[in-house]
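Below is one structure, written out as structure tokens, with a few remarks after it.
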Amino acid sequence: MFGNNVSKSYNHTHRTWKPNLIKVKALFGGTTRTLKICTQCYRSDFVEKKVRVPKESVVQTPEHV
């Protein structure tokens, strides 16, 4: 989209509105792909996000009980 900024003194300058896109790793067709999607789609769970699963933390037990 495009249009004008209008100041208080009614001066017009050209401006453009760009979509709010982000790069997201998502599961697409069973594989991981990097997609550019808008933030509204990202927030509404339009795509299935790839989530990093943390490694199981090793529980250390004291040697002297």
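The values are calculated or read from the model by the stated rules, or taken from the named source; none is laboratory data. Not measured: the values here are computed from a predicted model. Heads up, the Cβs are rebuilt from the backbone with ideal geometry, glycines too, and the neighbour counts pull from every protein chain shown. Please note that ligands, DNA and RNA were not included when accessible areas were found on the heavy atoms of the full protein model with its side chains. Shrake-Rupley method; radii C 1.70, N 1.55, O 1.52, S 1.80 Å.
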| message | With the structure loaded, tell me whether K36 is exposed (fewer than 10 other Cβ atoms within 10 Å of the Cβ), modelled with pLDDT of 90 or more and within 14 Å of the chain's Cα centre (by Cα) or whether it fails that test. | response | yes
| What pairs come up if the first residue lies in the range 29-46 and is free of Cβ contacts under 8 Å to residues at least 12 places away in the same chain, the second is open to solvent by less than 70 Å² (accessible area, probe 1.4 Å) and not in a strand (DSSP E or B), and their beta carbons are under 8 Å apart, counting only those six or more places apart or on different chains? | C41/V47
| request: Pairs only if they're at least six apart or on different chains, beta carbon under 8 angstrom, first in the range 2-15 and open to solvent by 70 Å² or more (accessible area, probe 1.4 Å), second modelled with pLDDT of 95 or more and outside any strand (DSSP E or B); list them, first residue then second. | output: T13/S7
| Enumeration of residues in the range 1-31 that are of a type in the set (S, T, N, Q), modelled with pLDDT of 90 or more and part of a strand (DSSP E or B) | N4, N5, T13, T16
